[in-house]
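Each remark here refers to the structure printed beneath this line.
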Ligand SMILES: Nc1nc2c(ncn2[C@@H]2O[C@H](COP(=O)(O)OP(=O)(O)OP(=O)(O)O)[C@@H](O)[C@H]2O)c(=O)[nH]1
Ligand SMILES: [Mg+2]
């Protein structure tokens, strides 16, 4: 096996071990052998002539003319600003990206099993990685790759897949309850990879659109106009869930505004009304938004009343009706995440126990007598967001948590499906 020597893709800085970089897939070796660098000059300079394989939100995969597959990840930098496209030819010494010098850069040779010693050079420093230790680490971790192999089984059996529920997350909530802001925050946070999981829009245009809208949300100088426009349309977004940057689970995010669940709303046809039920049944988890603005003040009684009137009314009636229908068929609702959005607005007035009391009371009847999993999760885009006419900083609270919970259910589903397939084959 040949040894390789590569220039580091950053021109300045100090090497340190990927084991100390804090990013699970790099730490456990499943991204291949490589190094992390801190105190860089804030530029990515390509070490070889080759081609762009794949562009991610904060990472890129490139391949040299002689087959070295290099993966580079920078903090939360967005590569799109540099207009790098998939399949684009790249030259040695080409500058690929500029970024804040405080960011750590991680890079690995993804096909490291094809090579002997891999040495990265940076100024006078050499950082050499020998094959044996690392490949042992990877072998020991091969058990953790399970979700991927299960999803592959599922993909190869697309016929049976069609019969399976799942591959959707449905979010319900009155207009203005924070559904779109949550989606933008979730997409941004999950784009940076959490515990090895990343969410990426399947279409580059959708990715760009969501990223631009989040950038607008970040721009505090805009005050109130930083927020997205309200919408009275059903919105659907197609995403890929990735593990270690490999797609393991495509899914759709479906956003129904509150008016959709109101039987008396004449703008909604019965077909559209029934469509919501279909979407819910196909969901791995559903999310219901409860606007935290209703939980301000000191009277629990008043808060319950507001949540009942403004958040629970139509959603609750709709879901109870659906739950009863399903019960007759021996089925139940998917797991439910009750998202207390804009929690920054009420965190000082309403603690976790009171939130629970309010939600249980306002949605009474929905949770009783069934085996549906329910989690109540406060989320917020920033605790000072409202300051100076909405000129506060974004500082998300719990934003990845609901989707990670949903991913957990999705993967359990896949494992059950894999087990079912194995049993069927025997
Ligand atoms: N304080 C605070 N305000 C928020 C937060 N998220 C959203 N908001 C505010 O809530 C408003 C509505 O949020 P959207 O995400 O547009 O609500 P929506 O549920 O998508 O509304 P429709 O599209 O009309 O159904 C925003 O314009 C913000 O003013 C948050 O985390 N904290
Ligand atoms: Mg919206």
Pick out the one residue from 309, 284 that is in contact with a helix residue (DSSP H, G or I) (Cβ under 6 Å, 6 or more places away or on another chain) and either more than 15 Å from ligand 2 (Cβ to nearest atom) or farther than 24 Å from residue 343 by Cα (or both). 284
Residues 355, 379, 315, 374: which one is in the same structural domain as residue 259 (by TED's automatic domain parsing), surrounded by 22 or more Cβ atoms within 10 Å (Cβ to Cβ) and away from ligand 2 (no atom under 16 Å from the Cβ)? 355
Can you name the number of the only condition in (1) in contact with a helix residue (DSSP H, G or I) (Cβ under 7 Å, 6 or more places away or on another chain); (2) crowded, with 21+ Cβ neighbours inside 10 Å that residue 293 fails? (2)
Do we have any residue at all in segment 212-219 that's assigned by TED's automatic domain parsing to the domain that holds residue 344, within 12 Å of ligand 2 (Cβ to nearest atom) and free of Cβ contacts under 8 Å to residues at least 60 places away in the same chain? yes
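Does residue 387 meet the test of being closer than 22 Å to residue 170 by Cβ and surrounded by fewer than 14 Cβ atoms within 10 Å (Cβ to Cβ)? Don't jump to the end; show me each part of the working.
Numbers: closer than 22 Å to residue 170 by Cβ: no; surrounded by fewer than 14 Cβ atoms within 10 Å (Cβ to Cβ): yes.
The answer is no for residue 387.
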Given the conditions (1) at pLDDT below 90; (2) in a loop (DSSP other than H, G, I, E, B); (3) within 25 Å of residue 125 (Cβ to Cβ), which single one is not true for residue 87? (3)
Filter pass, residue 206 being touching a helix residue (DSSP H, G or I) at 6+ places or on another chain (Cβ under 6 Å), under 29 Å from residue 55 (Cβ atoms), away from ligand 1 (no atom under 16 Å from the Cβ) and at pLDDT 90 or above: no
Check on residue 320, assigned to a helix (DSSP H, G or I), within 25 Å of the chain's Cα centre (by Cα), on the phi < 0 side of the Ramachandran plot and not assigned by TED's automatic domain parsing to the domain that holds residue 30: no
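To keep it simple, each residue is scored yes or no on (1) touching a helix residue (DSSP H, G or I) at 6+ places or on another chain (Cβ under 8 Å); (2) assigned by TED's automatic domain parsing to the domain that holds residue 29; (3) exposed (fewer than 13 other Cβ atoms within 10 Å of the Cβ); (4) in contact (Cβ under 8 Å) with a residue 12 or more places away in the chain.
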residue: 174; (1), (2), (3), (4): yes, no, no, yes
residue: 184; (1), (2), (3), (4): yes, no, no, yes
residue: 198; (1), (2), (3), (4): yes, no, no, yes
residue: 254; (1), (2), (3), (4): yes, no, no, yes
residue: 266; (1), (2), (3), (4): no, no, yes, no
residue: 279; (1), (2), (3), (4): no, no, no, yes
Taking residue 31, is it touching a helix residue (DSSP H, G or I) at 6+ places or on another chain (Cβ under 6 Å) and either part of a loop (DSSP other than H, G, I, E, B) or within 24 Å of residue 186 (Cα to Cα) (or both)? yes
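The values are calculated or read from the model by the stated rules, or taken from the named source; none is laboratory data. Predicted, not measured: the structure shown is a model, and the values here were computed from it. Counting neighbours? That spans all protein chains shown, and the Cβs are built from the backbone with ideal geometry, glycine included.
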